[in-house]
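Read the structure below first, then the notes.
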Amino acid sequence: MSRQGPNPFGPREPDLDELKAQGAKVARALGVGLVVGAVLFGLASMAYTVQPEERAIVTRFGRVVRLSDPGLHFKLPFGIERTHRVATERILKQEFGFRTLEAAQRTQYSPEDFNDESLMLTGDLNVINVEWVVQYRITNPEQYLFRGMREGVETLRDISESVMQQVIGNRLGSDALTVGRVEIASVAQERMQAILDGYNSGITILRVELQDVTPPDSVKPSFNEVNEARQERERMINEAERARNETIPRALGEARQAVAQAQGYAAVRVNRARGEATRFLELAQAYGEAPEVTRQRLFLEMIDKVMPQIGQVFVVEGGQSAPLPIMNLTPGTHFPTDAAKGAAR
């Protein structure tokens, strides 16, 4: 019911029906707004984009339903399905013993000490400072998020420190400081990967690199002296090896040459002796067949050999002041003729 007539005490009170109508209008407007907002929110929550270096895990009420590749995708709205993005194509790294503040042309490192990570005890009870980097990639996002480790990065760091302590503890300090760094990094990478695979972490270790391996600052001078002494020892060993490699082949060559010369000399003497023996046997056989002829031939051969070595033969008679040449047996010389003697006088 509505009152009629003017109200002498103030403005007229609103009609109840009018209030109900206005309330209905407001309710309808709110309902429409809520519906429109819910629709817009649902549409907005249905679409999601995965970047090229990412993969998205879609869960429905907490259960994994699918893996989304890079691109535009859709899912059930209102929180029914949720997305969890993981950078699977990005190479990640963890630093131990140091921290990089800014990676640029001139890399800046944190001045803070991380001795709790880097100081390690070697197998020969020496303390060294080891700084290393672990590069890894998330290859299985489902295992990384839901089936493996709860705190993936922290667990990876703990595993890396434990494995590196174990590997360094089984090596000599000099080995870790010099020639064994590559092998240490390789062994550490294999052991880290085995532990992570056992945890179903979904992480693949790409590389373990020893950044710097040095003795503690308090013993660096002594270590440098020892290192210099070892280098000097290696230098002397190398020089001795070089001298040995030069001397031994030369001696072997000279020995082979001497043996070859001796063998050649022996062959000459043996062949000569055999020839002389054969000649003597033939001569004995010829002498047995014709003694006179053989004797005469031997005499003539001996005269032919001996006479050229005699030179000149002189006969000096009593009362003569000069010897008279009887014969000149020297090859290429002749006695002076009478004309030459007269000219000489």
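Can you name every residue in the range 132-170 that is of a type in the set (D, E, K, R) and open to solvent by 40 Å² or more (accessible area, probe 1.4 Å)? Arg137, Glu142, Arg147, Arg150, Glu151, Glu154, Asp158, Glu161 - these are the residues of the range 132-170 that are of a type in the set (D, E, K, R) and open to solvent by 40 Å² or more (accessible area, probe 1.4 Å). Taking the range 198-227 as the search range and keeping residues that are surrounded by fewer than 19 Cβ atoms within 10 Å (Cβ to Cβ) and among the polar types (S, T, N, Q), which one is modelled with the highest pLDDT? Among them, the one singled out is Thr204.
Residues in the range 51-90 that are among the acidic types (Asp, Glu) and closer than 25 Å to Arg207 by Cβ: Glu53, Glu54, Glu89. Suppose we keep only residues that are assigned to a strand (DSSP E or B) and of a type in the set (Phe, Trp, Tyr) within the range 64-104. Which one would you say is nearest to Ser160 (Cα to Cα)? This residue is Phe96.
Among the numbered conditions (1) exposed (fewer than 12 other Cβ atoms within 10 Å of the Cβ); (2) touching a Ser or Thr at 6+ places or on another chain (Cβ under 7 Å); (3) small (Gly, Ala, Ser), the only one that Gly97 does not meet is (1). For the range 102-131, filtered to residues that are of a type in the set (S, T, N, Q) and surrounded by 15 or more Cβ atoms within 10 Å (Cβ to Cβ), the residue that is farthest from Asn200 (Cα to Cα) is Asn126. Being modelled with pLDDT of 85 or more, surrounded by fewer than 13 Cβ atoms within 10 Å (Cβ to Cβ), under 22 Å from Glu142 (Cβ atoms) and touching a strand residue (DSSP E or B) at 6+ places or on another chain (Cβ under 7 Å) is true of Leu72. What do you reckon, is Ile195 part of a helix (DSSP H, G or I), open to solvent by 70 Å² or more (accessible area, probe 1.4 Å), of a type in the set (A, V, I, L, M) and more than 18 Å from Asn126 (Cβ to Cβ)? Judged against the criteria, Ile195 is not a match.
Scanning the range 60-83 for residues that are on the phi < 0 side of the Ramachandran plot and in contact (Cβ under 8 Å) with a residue 24 or more places away in the chain yields Val64, Leu67, Leu72, His73, Phe74, Lys75, Leu76, Pro77, Arg82, Thr83. If you go through the range 296-307 and keep only what is basic (Lys, Arg) and surrounded by fewer than 11 Cβ atoms within 10 Å (Cβ to Cβ), you end up with just Lys305.
Can you tell me which residues in the range 171-192 are surrounded by fewer than 16 Cβ atoms within 10 Å (Cβ to Cβ) and more than 24 Å from Thr139 (Cβ to Cβ)? Across the range 171-192, the qualifying residues are Leu172, Thr178, Val179, Val182, Glu183.
Of the residues in the range 223-231, at least one is assigned to a helix (DSSP H, G or I), of a type in the set (Gly, Ala, Ser) and farther than 25 Å from Phe114 by Cβ.
The values are calculated or read from the model by the stated rules, or taken from the named source; none is laboratory data. Please read all numbers here as calculations on a predicted model, not as lab measurements. Positions of Cβ are generated from backbone atoms using ideal geometry, with glycine treated the same way; all protein chains shown enter the neighbour counts. All accessible areas refer to the heavy atoms of the entire protein, side chains included, with ligands and DNA or RNA removed. Shrake-Rupley method; radii C 1.70, N 1.55, O 1.52, S 1.80 Å.
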